[in-house]
1. P(r) for region 1-88: what percent of alpha-carbon pairs falls in each 10 Å bin, starting at zero?
2. Let me know the shape class of region 202-285, please: from the alpha-carbon gyration tensor, a ≥ b ≥ c as square roots of the eigenvalues, rounded when a/c is under 1.5, otherwise prolate if a/b is greater than b/c, or oblate.
3. Rounded to the nearest 5, what is the percent of antiparallel bridges among the DSSP beta bridges in region 10-284?
4. Report, by chain and number, residues whose modeled amide H sits under 5 Å from the one on Met253, excluding near sequence neighbours (fewer than 5 apart, same chain).
5. Can you compute the radius of gyration and Dmax for region 25-139, using only the Cα atoms, both in Å?
6. Tabulate in residue order the Karplus-calculated ³J(HN,Hα) for region 15-20, using 6.51 cos²θ - 1.76 cosθ + 1.60 with θ = phi - 60°, rounded to whole Hz; enter x for Gly and Pro.
7. Based on the mean of other beta carbon atoms within 10 Å per residue, what is the order of 184-191, 246-253, 60-67, most packed first?
8. Starting from the amide H of Leu87, placed 1.01 Å from N in the peptide plane, find each other amide H under 5 Å away whose residue is 5 or more places distant or on another chain.
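Every number in this text was worked out from the coordinates using simple rules, so none of it is lab data. Just so you know, these numbers come straight off a predicted model, no measurement behind them. Cβ coordinates were reconstructed from backbone atoms using ideal geometry, including for glycine residues, and neighbour counts include every protein chain displayed.
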Amino acid sequence: MSGFIEPIVGRYVHVEIGGEINRIYFEESGSGIPLVCLHTAGSDARQWRHLLGDDEFTRHFRIIAFDMPWHGKSNPPESQYGTEYRLTTASYTATIRAFCNALKLERPVVMGCSIGGRIVLNLAIEHAREFRALIGLEAADFQQPWYDTAWLNRPDVHGGEVCAALVSGLIAPGGPEAARNETLWGYKQGGPGIFKGDLYFYRVDGDLRGRTRNIDVSQCPLYLLTGEYDFSCTPEDTLRTAASIPGAKATVMERLGHFPMSENPEQFRRYIAPVLQDILNKQNS
């Protein structure tokens, strides 16, 4: 509808990470329990716009989605221009905690997808008491690499187009064409080498095998949801990981792939609504 103004508000917050101030862009909507959303590798927080615009969810949750440094509208730290970007478990964890602290969020829920889903597991291992609940989408302790990352940052290849081409097969068939195109558009706009740098965490530094057994869901509930068509983080990967964590709740989502919140928002809400209701019920009990 022409003239319709969405309730989503975008702002910048200055966050100290590793001794340097980062100007981080975030969008938010709603009020209530803080729910921080983490985007996938090489993309940005636009992936969460449908959740941010959902009136039912924003009645009870303050939904917040931010662009990681180097992504979207969050520039690289001033001292790091011209350097190779590499995301690590330590830097990713520090960024999330620093962002939550900068906004003075009291025991937020954190939901991440793909690399965001992997880091949620590390938050559960190392910092569970800081969070009300953790939700990992397309999350597992490890996945075997299935393509050569050298293609993601070469002078003779359009980086954005090759990134989008690589992930295009991870979107489930039969979803809305507009949502598919929008999901891939975010990848086409990524900065040089950013997708590759994110995958350093995903493929090399973020191997959590053997560590997830230390997760105690009595301190912080953990929900794992994976699309049936995801062949990067397969349902088997997620179910294997959940089996090592007593009390973790795992769900395989039908008709969804690796980007559930953006590739088919209506189908995704059928699965995320019960999870958010469960968190709300625990809050009110």
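1. With 10 Å bins starting at 0, P(r) equals 17, 43, 28, 11, 2.
2. It comes out oblate by the Cα gyration axes.
3. Counting only bridges with both partners in region 10-284, antiparallel ones make up about 35 percent.
4. Thr226, Gly227, Glu228
5. Both quantities, over Cα of region 25-139: 13.7, 44 Å.
6. Along region 15-20, the couplings run 10, 8, 10, x, x, 10 Hz.
7. 60-67, 184-191, 246-253
8. Asp198, Tyr200, Phe201
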